[in-house]
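The values are calculated or read from the model by the stated rules, or taken from the named source; none is laboratory data. For clarity, every value in this text was computed on a predicted model and none was experimentally measured. Positions of Cβ are backbone-derived with ideal geometry, glycine not excepted, and every protein chain shown enters the neighbour counts. Areas reflect the complete protein model, heavy atoms only, side chains present, ligands, DNA and RNA absent. Shrake-Rupley method; radii C 1.70, N 1.55, O 1.52, S 1.80 Å.
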Amino acid sequence: MKRALLTLLLLLPALAQPLPEALKRAPEVAGVVTARLDYETKQKDLARTLQDPLRTALAELQARQAWELAEAKLKRALAQAESEIVSAYTQAYEALLQVDLAEKAVEVAELGLKATEIRLKGGGATSLDLLEAQNRLLEARKNLELARRGRDSALAALANLVGPWKPESVQELPALPEGKVVETLLQEHVDLLQLKQSLVLLRFQRGLLDESFVPRKEIEALEDQIQTLEANLANLERSLRVGLEARYRQLSPLLQGVKTTEEAYRAAQERYRAEEKRFQAGLTSRLSLLQQELALKQAELSWEQAKHAYLKAYYGLLASR
């Protein structure tokens with residue numbers, strides 16, 4: 001059944017949809033659904049706590065913290081789901097291009113073998129040349145089979161996230177996020193929020209202690225815990241900031257890589273058009289034209305891979321919260 005589904009995906013181009021449509025499926029990913037249910041539960045718990053006329057300040061603080069943490073986890077789950085979809089989507093589209101490229105390589109190798117056989121008969125090639133041409137064809141067919149397996153696997157992985165889907169080229173890339181994105185991600189980071197909440201809770205508990213009723217030893221122990229937590233919080237924030245800033249700095253070079261590979265692709269298009277005109281004028285061979293077409297497909301794949309590298313880094317950064 002899975003094989004039939006994959007075949008159907010390949011035979012129906014109408015199923016192809018852009019990345020933004022696939023990203024709309026992120027709220028349906030299992031991890032997001034679970035996080036949303038937890039958030040809704042914590043929201044109801046907070047509402048009930050606030051309606052209790054006998055609630056304590058501590059109970060209200062804990063209920064509010066639980067709700068805030070659930071909200072942060074929901075945002076993280078959604079961002080991670082989007083990152084997973086982007087990764088699966090781009091991998092699936094690259095796999096489709098790899099198959100197309102491998103098919104063209106087989107076509108080139110087959111024609112190259114025929115040309116070598118003709119040259120051998122005419123005395124223009126050796127038996128070794130023929131053997132090399134045969135090996136190139138065998139290698140091209142092997143690569144095609146591997147590419148098809150990779151395509152089936154990639155489409156199945158994408159389908160597990162968004163259902164049956166045939167990806168297409170990403171036409172527009174998101175702009176570089178604003179410089180404040182690192183600060184925003186730090187503020188919303190789940191691990192940091194948990195430490196901050198623990199610190200707030202300890203400080204609140206410290207405020208409830210009075211030396212008249214609690215031994216000084218217990219108070220000092222709580223104060224030591226607060227100092228330790230403050231140090232841990234500062235260390236974690238510093239470590240996360242370094243990591244996030246490094247990931248943010250990667251985006252600009254990756255975006256520049258997209259422009260570079262696009263220019264190379266446009267140049268390959270020009271070369272192919274020129275070769276096509278030469279072929280129509282009888283100035284070059286069919287094999288040379290196919291080889292130029294293969295080079296064009298390789299340039300297209302490189303361009304798409306550059307776009308995908310930027311997309312994965314972009315959404316990966318947003319998921320680091």
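Which one of E71, E117, E103 is over 28 Å from K166 (Cα atoms) and within 36 Å of the chain's Cα centre (by Cα)? Walk me through how you get there before you give the answer.
Values: E117 fails: within 36 Å of the chain's Cα centre (by Cα); E103 fails: over 28 Å from K166 (Cα atoms).
Of E71, E117, E103, the one residue that is over 28 Å from K166 (Cα atoms) and within 36 Å of the chain's Cα centre (by Cα) is E71.
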Within the stretch 166-184, of all residues that are open to solvent by 50 Å² or more (accessible area, probe 1.4 Å) and not hydrophobic (A, V, I, L, M, F, W, C), the one modelled with the lowest pLDDT is G179
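In the stretch 42-58, how many are open to solvent by 70 Å² or more (accessible area, probe 1.4 Å) and either polar (S, T, N, Q) or under 41 Å from the mean Cα position of the chain (by Cα) (or both)? Show your work before the answer.
Of the stretch 42-58, the ones open to solvent by 70 Å² or more (accessible area, probe 1.4 Å) are 43-44, 48, 51, 53-56.
From what is left, the residues that are either polar (S, T, N, Q) or under 41 Å from the mean Cα position of the chain (by Cα) (or both) are 43-44, 48, 51, 56.
Qualifying residue count for the region: 5.
Return a yes/no flag: does the stretch 282-289 have any residue that is in a helix (DSSP H, G or I), free of Cβ contacts under 8 Å to residues at least 24 places away in the same chain and outside the structural domain of L113 (by the TED database). First the steps, then the outcome.
Taking the stretch 282-289 first, the residues in a helix (DSSP H, G or I) are 286-289.
Checking the rest, the ones that are also free of Cβ contacts under 8 Å to residues at least 24 places away in the same chain come to 288-289.
From what is left, the residues that are outside the structural domain of L113 (by the TED database) are 288-289.
Checking the stretch 282-289: at least one residue is in a helix (DSSP H, G or I), free of Cβ contacts under 8 Å to residues at least 24 places away in the same chain and outside the structural domain of L113 (by the TED database).
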For the stretch 84-93 the number of residues that are open to solvent by 30 Å² or more (accessible area, probe 1.4 Å) and closer than 27 Å to Y39 by Cα is 2
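Based on what the data block shows, is S198 hydroxyl-bearing (S, T, Y), surrounded by 13 or more Cβ atoms within 10 Å (Cβ to Cβ) and assigned by the TED database to the domain that holds Q187?
Details: hydroxyl-bearing (S, T, Y): yes; surrounded by 13 or more Cβ atoms within 10 Å (Cβ to Cβ): yes; assigned by the TED database to the domain that holds Q187: yes.
Here the answer is yes, as S198 does meet what is asked.
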Can you spot a residue in the stretch 173-181 that is within 33 Å of the chain's Cα centre (by Cα), in a helix (DSSP H, G or I) and not assigned by the TED database to the domain that holds R76? yes
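If I ask for residues that are open to solvent by 10 Å² or more (accessible area, probe 1.4 Å) and either closer than 18 Å to S83 by Cα or assigned to a helix (DSSP H, G or I) (or both), which ones from the stretch 155-164 would you list?
Correct list: A156, A157, A159, N160, L161, G163.
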Does Q187 meet the test of being assigned to a helix (DSSP H, G or I) and open to solvent by 50 Å² or more (accessible area, probe 1.4 Å)? yes
Taking the criterion of being farther than 27 Å from R64 by Cα, part of a loop (DSSP other than H, G, I, E, B) and either touching a residue at least 24 places away in the same chain (Cβ under 8 Å) or open to solvent by 50 Å² or more (accessible area, probe 1.4 Å) (or both), would at least one residue in the stretch 234-255 satisfy it? no
When restricted to L78, L101, the only residue in a helix (DSSP H, G or I) and farther than 30 Å from A35 by Cβ is L101
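Taking the condition under 28 Å from L113 (Cα atoms), among the small types (G, A, S) and either in contact with a Pro (Cβ under 6 Å, 6 or more places away or on another chain) or modelled with pLDDT under 95 (or both), does G282 pass?
Numbers: under 28 Å from L113 (Cα atoms): yes; among the small types (G, A, S): yes; either in contact with a Pro (Cβ under 6 Å, 6 or more places away or on another chain) or modelled with pLDDT under 95 (or both): yes.
Yes: the conditions hold for G282.
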Taking the stretch 12-40 and keeping residues open to solvent by 70 Å² or more (accessible area, probe 1.4 Å), of a type outside the set (A, V, I, L, M, F, W, C) and in a helix (DSSP H, G or I) leaves P13, P20, E28, T34, R36, E40
Residue set L96, L113, L138, L130; condition surrounded by 16 or more Cβ atoms within 10 Å (Cβ to Cβ) and either more than 26 Å from W303 (Cβ to Cβ) or in the same structural domain as Q291 (by the TED database) (or both); output residue L113
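Hey, among E275, E270, which residue is of a type in the set (D, E), crowded, with 16+ Cβ neighbours inside 10 Å and over 26 Å from R321 (Cα atoms)? Give the steps one after another, and end with the answer.
Values: E270 fails: crowded, with 16+ Cβ neighbours inside 10 Å.
Among E275, E270, only E275 is of a type in the set (D, E), crowded, with 16+ Cβ neighbours inside 10 Å and over 26 Å from R321 (Cα atoms).
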For the stretch 111-130, pairs from a residue that is without any contact (Cβ under 8 Å) to a residue 24 or more places away in the chain and in a loop (DSSP other than H, G, I, E, B) to a residue that is aliphatic (A, V, I, L, M) and open to solvent by 70 Å² or more (accessible area, probe 1.4 Å), with Cβ under 9 Å and 6 or more apart or across chains, are G124/I118; A125/I118
